[in-house]
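Engineer: Handing you this structure, nothing more for now.
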2 protein chains.
Amino acid sequence: MKLYVIRHGIAQEPEPGQPDSQRVLTKEGYKKTRAVAQRLAALGVQVEAILTSPYLRASQTAVICHEAGLGPMPVVHEALQPGGDWQQWVTWWQEWRDQGGGAVALVGHQPDLGHWVERLVWGEVRDKLVLKKAGVALLELPEQGSPVGSAQLLWLLPPKVLAD
Amino acid sequence: MKLYVIRHGIAQEPEPGQPDSQRVLTKEGYKKTRAVAQRLAALGVQVEAILTSPYLRASQTAVICHEAGLGPMPVVHEALQPGGDWQQWVTWWQEWRDQGGGAVALVGHQPDLGHWVERLVWGEVRDKLVLKKAGVALLELPEQGSPVGSAQLLWLLPPKVLAD
């Protein structure tokens with residue numbers, strides 16, 4: 001049960017009065033994120049669901065992943081917004097697995113995603129993982145039981161390693 | 001204070017009566033390891049010391065890293081042999097840092113290296129990191145105080161991502 005955890009690409013600085021959720025990828029962020037997604041596809045990455053934060057810079061990143069062939073059209077998952085409800089996602093994932101779902105990709109924000117990875121791998125947050133913009137982590141989640149504290153960490157990739 | 005943790009490449013199966021320490025890299029292992037080391041050099045990786053396990057498959061890997069331009073000729077460090085004394089290395093590293101030493105690469109074996117990374121990042125071993133042969137982890141160690149439980153994890157790279 002593979003889980004790819006992908007941070008959104010480089011986004012524009014907020015304009016005065018603009019909600020944080022409306023910030024979009026910069027031209028460079030778009031280009032780099034697309035190169036990363038294409039490299040992941042070339043490495044054989046394939047998922048059955050792409051869940052994304054509703055924030056624009058994340059959903060744009062998720063669409064880029066879809067366009068590169070990594071998986072189906074993204075689905076917005078509220079738990080992936082900054083400060084979202086982690087437990088809500090755990091419940092979703094366990095149902096997904098129990099219904100026969102396969103590999104999943106999550107697209108969201110720091111520090112949340114790093115904390116989620118730590119919860120899955122070590123069962124608690126220590127704020128020790130550096131997940132760069134357009135960076136990717138890969139976890140192997142268990143076939144049975146709670147995924148919390150029982151995942152293995154296989155990848156922690158900065159974008160420059162994927163697309164230099 | 002960067003620390004690169006590198007697992008040896010693919011080695012030959014042991015021949016009857018051959019000590020484990022004498023196994024050498026296969027032709028494929030040599031080629032793949034060299035490609036990884038060259039990619040690391042292209043990414044700008046530079047260290048001031050390469051410490052290696054005395055086992056041949058590790059010291060060959062360390063020499064390949066040197067030949068690719070990553071750092072000076074490797075130095076054998078007994079703590080890096082399988083089941084080696086982790087505390088001995090911590091003492092070495094703290095002295096190295098206190099004398100003004102910079103980035104270091106370690107070349108050794110699993111599961112030891114994964115456990116060392118976990119000790120540095122989380123302070124304890126949980127056996128949760130997958131470090132492939134010729135795979136690389138990168139940690140940022142603190143400028144002061146004990147490195148145990150106070151490092152950040154920046155990379156966990158399988159070789160296929162570095163040299164496909």
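The values are calculated or read from the model by the stated rules, or taken from the named source; none is laboratory data. Owing to the predicted nature of the structure, the values given are computational and were not obtained by experimental measurement. All Cβ positions, glycine included, derive from the backbone under ideal geometry; neighbour counts span all protein chains shown.
Engineer: Take the range B:77-88 and flag every residue that is in contact (Cβ under 8 Å) with a residue 24 or more places away in the chain and more than 21 Å from B:Leu40 (Cβ to Cβ).
Structural biologist: Scanning the range B:77-88 gives B:Glu78, B:Gln81, B:Pro82, B:Gly83, B:Gly84, B:Trp86.
Engineer: Follow-up question, since we're still on this one. Out of curiosity, is A:Gln144 assigned to a helix (DSSP H, G or I), farther than 22 Å from B:Gly114 by Cβ, away from every other protein chain (no Cβ under 13 Å) and not small (Gly, Ala, Ser)? Explain how you work it out, then say what you get.
Structural biologist: Details: assigned to a helix (DSSP H, G or I): no; farther than 22 Å from B:Gly114 by Cβ: yes; away from every other protein chain (no Cβ under 13 Å): yes; not small (Gly, Ala, Ser): yes.
The answer is no for A:Gln144.
Engineer: Please find, within the range A:126-140, the residue that is nearest to A:Ala58 (Cα to Cα) out of those that are out of contact with any Ser or Thr (no Cβ under 6 Å at 6 or more places or on another chain) and in a loop (DSSP other than H, G, I, E, B). Break it down stepwise before answering.
Structural biologist: Taking the range A:126-140 and keeping what is out of contact with any Ser or Thr (no Cβ under 6 Å at 6 or more places or on another chain), we get A:126-133, A:135-140.
Of the ones still in play, those that are also in a loop (DSSP other than H, G, I, E, B) are A:126-128, A:130-133, A:135.
Numbers: A:Arg126: 24, A:Asp127: 21, A:Lys128: 22, A:Val130: 18, A:Leu131: 14, A:Lys132: 13, A:Lys133: 10, A:Gly135: 12 Å.
So the residue we want is A:Lys133.
Engineer: Of (1) within 20 Å of B:Ser21 (Cα to Cα); (2) crowded, with 16+ Cβ neighbours inside 10 Å, B:Asp85 satisfies all except one. Which?
Structural biologist: Condition (2) is where B:Asp85 drops out.
Engineer: Quickly run through the range A:77-125 and pick out the residues that are among the aliphatic types (A, V, I, L, M) and assigned to a helix (DSSP H, G or I). Walk me through it before giving the result.
Structural biologist: As a first pass, look at the range A:77-125 and keep what is among the aliphatic types (A, V, I, L, M): A:79-80, A:90, A:103-107, A:113, A:117, A:120-121, A:125.
A:Ala79, A:Leu80, A:Val90, A:Leu113, A:Val117, A:Leu120, A:Val121, listed by residue number.
Engineer: Going residue by residue through the range B:106-113, is there one that turns out to be more than 13 Å from chain A (Cβ to nearest Cβ), without any contact (Cβ under 8 Å) to a residue 40 or more places away in the chain and buried (at least 17 other Cβ atoms within 10 Å of the Cβ)?
Structural biologist: Looking for residues that are more than 13 Å from chain A (Cβ to nearest Cβ), without any contact (Cβ under 8 Å) to a residue 40 or more places away in the chain and buried (at least 17 other Cβ atoms within 10 Å of the Cβ), one finds at least one in the range B:106-113, hence yes.
Engineer: Shifting gears a bit: Please give the number of the condition A:Gln46 fails out of (1) touching a helix residue (DSSP H, G or I) at 6+ places or on another chain (Cβ under 8 Å); (2) closer than 28 Å to B:Leu153 by Cα; (3) away from every other protein chain (no Cβ under 14 Å).
Structural biologist: (1)
Engineer: Output the number of the condition that B:Pro72 fails; it satisfies all remaining conditions of (1) touching a Leu at 6+ places or on another chain (Cβ under 6 Å); (2) outside any helix (DSSP H, G or I).
Structural biologist: For B:Pro72, the exception is condition (1).
Engineer: Further question on the same structure: I'm trying to understand the selection: among the residues of the range B:60-69, which are surrounded by 14 or more Cβ atoms within 10 Å (Cβ to Cβ) and assigned to a helix (DSSP H, G or I)?
Structural biologist: Once the filter is applied, which keeps residues that are surrounded by 14 or more Cβ atoms within 10 Å (Cβ to Cβ) and assigned to a helix (DSSP H, G or I), the range B:60-69 yields B:Gln60, B:Thr61, B:Ala62, B:Val63, B:Ile64, B:Cys65, B:His66.
Engineer: Restricting attention to the range A:115-130, and to residues there that are among the aliphatic types (A, V, I, L, M) and out of contact with any helix residue (DSSP H, G or I) (no Cβ under 7 Å at 6 or more places or on another chain), which single residue is nearest to A:Leu153 (Cα to Cα)?
Structural biologist: The residue in question is A:Val121.
Engineer: Still on this structure, I have one more. Evaluate the range B:50-61: report whether one residue or more is closer than 20 Å to B:Leu153 by Cα, away from every other protein chain (no Cβ under 14 Å) and in contact with a strand residue (DSSP E or B) (Cβ under 7 Å, 6 or more places away or on another chain).
Structural biologist: yes
Engineer: Give the residue that is modelled with the highest pLDDT, with candidates limited to residues of the range B:142-164 that are charged (D, E, K, R) and either under 14 Å from B:Gln38 (Cα atoms) or under 17 Å from the mean Cα position of the chain (by Cα) (or both).
Structural biologist: B:Lys160
Engineer: Restricting attention to the range B:1-37, report how many residues are more than 14 Å from the chain's Cα centre (by Cα), within 14 Å of B:Ser59 (Cβ to Cβ) and not in a loop (DSSP other than H, G, I, E, B).
Structural biologist: 7
Engineer: Please enumerate the residues belonging to the range B:120-137 that are surrounded by fewer than 23 Cβ atoms within 10 Å (Cβ to Cβ) and within 12 Å of another protein chain (Cβ to nearest Cβ).
Structural biologist: Listed by number, the residues that qualify are B:Trp122, B:Gly123, B:Glu124, B:Val125, B:Arg126, B:Asp127, B:Lys128, B:Val130, B:Lys132.
Engineer: Out of the range A:155-164, which residues are free of Cβ contacts under 8 Å to residues at least 40 places away in the same chain and either more than 9 Å from chain B (Cβ to nearest Cβ) or not in a loop (DSSP other than H, G, I, E, B) (or both)?
Structural biologist: A:Trp155, A:Leu156, A:Leu157, A:Lys160, A:Val161 - these are the residues of the range A:155-164 that are free of Cβ contacts under 8 Å to residues at least 40 places away in the same chain and either more than 9 Å from chain B (Cβ to nearest Cβ) or not in a loop (DSSP other than H, G, I, E, B) (or both).
Engineer: What number goes with the only condition from (1) farther than 24 Å from A:Glu118 by Cβ; (2) in a helix (DSSP H, G or I) that A:Arg57 does not pass?
Structural biologist: (1)
Engineer: For the range A:107-120, state whether one or more residues are at negative phi and over 15 Å from the mean Cα position of the chain (by Cα).
Structural biologist: No, every residue in the range A:107-120 fails to be at negative phi and over 15 Å from the mean Cα position of the chain (by Cα).
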